[in-house]
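Let me begin by presenting the structure, written as C-alpha cells, before commenting on it.
FYI, it's all coordinate maths here, none of it is from the lab. Since we're looking at a predicted model, the values are computed, not measured. Cβ atoms come from the backbone with ideal geometry, glycine included; neighbour counts cover every protein chain shown.
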Amino acid sequence: MGFYAVQSLNALSFSMLLLLTGLGLSVVLNLMNFVNLTHGSFFLLGAYVGVYWLASGAPWWLAFPVAFVAAGLAGFLLERFPFRQFYARTHLMQVLLTYGLSVIFADLMRWGFGAQILSAEIPEALRGVVFIMDMPFPIYRLFIIGFGAALAFALWFVIDRTIWGAVVRACVTDRGFVETLGLDTRRIFTAVLVISAGLGGISGALGAGILSAYPGLDEEVLILALIVVVAGGLGTFRGTVLSALLLGFAMTFSKVWVPEFSNVVALAVMAALLVALPEGLVARKVRQV
Amino acid sequence: MTERFPLSRRSFLATAGATAVTGAIGAPALAQTANKPLKIGMVTSLSGPFTALGESMRAGMQMFLAENGGKLAGRAVELIVEDDQAKPDEGVRKFRKLLGQDNVDIVSGVISSAVALAVRDVVTEAKALTFISAGSANDLARKAASPFVFRPTKTNWMLGHTAGQWAFEKLGKSGCLTIAADYAAGRESVSDFVASYQQQGGKVGKQLWAPLGTTDFGPLLTTIAAERPEFIFSFFAGSDAVRFLRQMREYRLHGKVKLIGSGALFDQEDVVSAVKEAALGGLNTCNQSPTAPSSAAFTKAYQAARNAMPGEMGTAGYVTGQVIKAAVERVQGDLSNKEKVKEALLAKEVETVFGPMPFDPRNNQAILDIYVNEIKEGAGGPVNQVIHTYKAVRDPGPVA
C-alpha cells in the first residue's frame, strides 16, 4: 500500500517535470504555430544556472527566478533574430533552423560550462524525506510537485481566463485583425517566446536537483517534451497536462513492473495513443490553417 | 577535428632540421629513418555521451608526452587526435583516415567497446600496432583478440569477478540485489559478478535493469527500499552513475545499504567529483585508483594540471603513453619489424600508473592489479582509497 502510494508520488513528480518542460514547448507551438527545437537548450541553460546559483550560497529560492530570467533573456535575443524571420515559414524550415541552433548551443554550453557532469546542491530545507507508510519519499520531489502544479495553474489561468491570454490566442487565429485593433502583435509574440524560454529555464533549474546538468541533457529532455506535446494534442492546454501525467505514470510503473522493458512499454503506450487518437488526447476544435 | 600536440611541431621542425644537416654531411640512411617523427594516432570521444571521458583521456596522453619533452626513444612525437563520437562507424572512418591518410606508426585510444570491436578488423587487416586504452568488453580479450592489438586496460570480467569475491568475503553471503544499466557492459559486468559470487555459494536476490540514460531512478529506488537488501551490486557510468548515486541519497538509501560496483560507478574524475558526499562509503573494484602507490606522482601532476583527481580515463591516456614508450624504447625507436616490437613488449612487464603491467601472450591483454576502492573523505573531498589489492588478475582469455 505504502509502496504504491510512494510509486504514485514518484510518477507525479516526474510528470511535473515533463509538464513544465512540455508547457514551454507547447505554448510556442500552440499559440504561435512555431516549432522550437532549441527548447532543450533553454532547459539545459536553466539547469546550469540552477547548479551554479545553488552552489554559490545566495538564497536558494532565487535560483528559479534567476534561471527563468536567464533563459528568458536568451529567448528574447533569439526572438529578435532569427526566430522572428521564420514565423511565416513552413514547419520544416523552422525545424531546420531551430535544430541547427540547438546543436550550436550544445557546443557553446559545452565550451562554457565544460563537459563534466554537474549536480545541483539541493537546498538544506528541501533535503529531507517524508515517510509515507514506512516508505521514504524525498521532500524535494514534493516541492517539485507543488511548484509545478502552481506554475501550470498560473499559466493556464493567464492564457485561458485573462484578457492577455485572449489577445495572444486571437493573434494566432487572425494576426491582421488584432493589428487593426491597434495592438503590436510582434511584441505579443516576443512576450510569448520569452515566457516559453523562461519556462524551459525554470524547469531546468528544478530538474537539475534530480537530473544533474551535462551535455546531452538538452536532447534527452527535448524528446520527452515533444512526446508530451504531440501526444497531448496540438493546441490544447488540458491535453498537455493529461499526456504529461500519462507519460509520467507509464514510465514510472513500467519501471516498477517490467524494468527491463520500461522505455519500450512507456513509448508503446504513447504510440498506441497516437494511433487511436491521431489528433492527440484532447483535439482542438478550431480549423488548422 | 584534428589536433596536433603543441610541442611536437616545434620539436618536429628541430628534428627535421637536424636530419637535413646530418643528411647533408652523409649520415647513414638508417639513422635518418630513426630520426623521422613518430606519428601516434589517438581516437577518442570528443563529442557524444563520452565527451568528458574523451577529453580526460586526451589530456592524460598529452601530459605524458609533455613530460617526455615530446620525444620517445629519441624520436619527436606527433600526436594526431580524432573524435569517434562514440559511434562504431565513425570510429572505423577515423582509424582508416589515420592509417591510410596520415600514415601513423601507432594507433591508440578508444573508450567505447562497440568502437573497439568495430575497428578490430580494420587494424588487423592493416597489421597496425594498436593500443586500446579503454574498451572493456570481454570479447576484446577473447574472440576478438588480434596479434598486434595490445590492451593496456581491463576487461569487464576482471572487475565483476573480483567484486564477486570481495562481496562474498566481506559484505554478505546472501541478500544481494543487483541494479545495472541495460546494455552490453552492464549485462556483462553483472553476469560476471553473479557468476563469481554464486560460485562461492552466495545467493543473489532481485535483479533490476535500468535503460541507458535513465533520468528518474525514483521508481527503482522505491522498489529497492521495499526489498531491503543487505547490499547492492551496481553498474552505471557517467551521468547515469551520477543520477543513481544522488537519487540513492535523496531516497535515504545511501549509508543504509552497502553499495559495491564496477570502477565506472565511482570514477574519481567523472562521478565522485560530481556527486561528492553521496559517494562516501561506496565500494568499487577498478584497475585504477588515484591513491594506489603507483599513481602517487601522477595523481599530483594531474591535479596540478587539470585541477581534478584523475579518474580511469585520464590515467588510461597516460598509461597508454607509458606502454607505447616502453614498446618504442625496447626496439630503439625502430618499429619496422612489428614481430620484434611485440616480442619486446611481451618479454617484460611495464611499470605503469595502474601498477605493474605484464601482457598475456595469448591475447596481448594486460594482466592487472585490481584495487578494491572505498570512497572516503580526503583532503580535497571524497576520494577512492585503496583498501585491498587483488594481484595480477588475468582474464580467462580466448578459452573462456
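What to note about this one:
- Matching residues, the stretch B:179-205, being charged (D, E, K, R) and at the interface with chain A (Cβ under 10 Å from one of its Cβ atoms): B:Asp182
- Among the residues listed as A:Arg169, A:Arg161, the single one being touching a residue at least 12 places away in the same chain (Cβ under 8 Å) and more than 16 Å from the chain's Cα centre (by Cα): A:Arg169
- Within the stretch A:108-125, the residues that satisfy the criterion of being within 11 Å of another protein chain (Cβ to nearest Cβ) and either at positive phi or touching a Leu at 6+ places or on another chain (Cβ under 8 Å) (or both) are A:Gly114, A:Ala120, A:Glu121, A:Ile122.
- Within the stretch A:220-272, the set of residues being closer than 17 Å to A:Gly200 by Cα and charged (D, E, K, R) comprises A:Glu220 only.
Per-residue answers, yes or no, for (1) β-branched (Val, Ile, Thr); (2) within 14 Å of chain B (Cβ to nearest Cβ); (3) closer than 18 Å to A:Leu25 by Cβ; (4) buried (at least 18 other Cβ atoms within 10 Å of the Cβ):
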residue	(1), (2), (3), (4)
A:Leu247	no, yes, yes, yes
A:Thr252	yes, yes, no, yes
A:Ser262	no, yes, no, yes
A:Ala272	no, no, no, no
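- When each of B:Gly218, B:Gly238 is tested for being surrounded by 24 or more Cβ atoms within 10 Å (Cβ to Cβ), within 13 Å of chain A (Cβ to nearest Cβ), on the phi > 0 side of the Ramachandran plot and not hydroxyl-bearing (Ser, Thr, Tyr), the lone residue that passes is B:Gly238.
- If the condition is being in a helix (DSSP H, G or I) and not charged (D, E, K, R), then the stretch A:68-83 contributes A:Phe68, A:Val69, A:Ala70, A:Ala71, A:Gly72, A:Leu73, A:Ala74, A:Gly75, A:Phe76, A:Leu77, A:Leu78, A:Phe83.
- Of everything in the stretch A:24-82 that is of a type in the set (S, T, N, Q) and in contact (Cβ under 8 Å) with a residue 24 or more places away in the chain, the residue that is nearest to A:Ala154 (Cα to Cα) is A:Ser26.
- Residue in the stretch B:161-178 that is farther than 30 Å from B:Val204 by Cα, touching a residue at least 24 places away in the same chain (Cβ under 8 Å), surrounded by 23 or more Cβ atoms within 10 Å (Cβ to Cβ) and out of contact with any helix residue (DSSP H, G or I) (no Cβ under 6 Å at 6 or more places or on another chain) present: no
- Scanning the stretch B:302-360 for residues that are outside any loop (DSSP other than H, G, I, E, B) and of a type in the set (S, T, N, Q) yields B:Gln303, B:Thr315, B:Thr320, B:Gln322.
- Condition check for A:Val230: assigned to a helix (DSSP H, G or I), more than 10 Å from chain B (Cβ to nearest Cβ), farther than 25 Å from B:Ala241 by Cβ and not polar (S, T, N, Q): yes
- Selection from the stretch B:269-301 of residues that are under 24 Å from B:Ser239 (Cβ atoms), of a type in the set (S, T, N, Q) and assigned to a loop (DSSP other than H, G, I, E, B): B:Asn287, B:Gln288, B:Ser289
- Positions within the stretch A:72-104 being hydroxyl-bearing (Ser, Thr, Tyr), in contact with a helix residue (DSSP H, G or I) (Cβ under 9 Å, 6 or more places away or on another chain) and closer than 14 Å to A:Ser41 by Cβ, in sequence order: A:Thr98, A:Ser102
- For the stretch B:250-290, filtered to residues that are crowded, with 23+ Cβ neighbours inside 10 Å and more than 23 Å from the chain's Cα centre (by Cα), the residue that is farthest from the other protein chains (Cβ to nearest Cβ) is B:Ala278.
- Counting only strands (runs of 3 or more DSSP E) that fall entirely inside the stretch B:106-217 and contain at least 2 residues that are farther than 23 Å from B:Leu245 by Cα, the qualifying elements are B:106-109, B:129-132.
- Taken over the stretch B:142-157, the residue count meeting the criterion of being surrounded by fewer than 24 Cβ atoms within 10 Å (Cβ to Cβ) and aromatic (Phe, Trp, Tyr) is 1.
- Against the list (1) hydrophobic (A, V, I, L, M, F, W, C); (2) more than 14 Å from chain B (Cβ to nearest Cβ); (3) within 18 Å of A:Tyr140 (Cα to Cα), the condition A:Phe34 fails is (3).
- Any chance A:Leu20 is touching a residue at least 24 places away in the same chain (Cβ under 8 Å), within 25 Å of A:Arg238 (Cα to Cα), surrounded by fewer than 21 Cβ atoms within 10 Å (Cβ to Cβ) and in contact with a helix residue (DSSP H, G or I) (Cβ under 9 Å, 6 or more places away or on another chain): no
- Positions within the stretch B:56-94 being among the acidic types (Asp, Glu), closer than 13 Å to B:Ala116 by Cα and surrounded by fewer than 24 Cβ atoms within 10 Å (Cβ to Cβ), in sequence order: B:Asp89, B:Glu90
Residues are listed down the side, and each one gets a yes or a no for (1) surrounded by fewer than 19 Cβ atoms within 10 Å (Cβ to Cβ); (2) touching a residue at least 24 places away in the same chain (Cβ under 8 Å); (3) in contact with a Lys or Arg (Cβ under 7 Å, 6 or more places away or on another chain); (4) within 21 Å of B:Asn156 (Cα to Cα):
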position	(1), (2), (3), (4)
B:Ala301	yes, yes, no, no
B:Ala305	yes, yes, no, no
B:Pro310	no, yes, no, yes
B:Arg330	yes, no, no, no
B:Ala347	yes, no, no, no
B:Ala366	no, yes, yes, yes
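- Hits in the stretch B:52-96 - residues which are away from chain A (no Cβ under 14 Å), hydrophobic (A, V, I, L, M, F, W, C) and either closer than 18 Å to B:Gly314 by Cβ or assigned to a helix (DSSP H, G or I) (or both): B:Met61, B:Met63, B:Phe64, B:Leu65, B:Ala66, B:Leu79, B:Val81, B:Val92, B:Phe95
- Whichever residue in the stretch A:138-158 is within 14 Å of the chain's Cα centre (by Cα) and among the small types (Gly, Ala, Ser) and, among such residues, is nearest to the other protein chains (Cβ to nearest Cβ): A:Gly148
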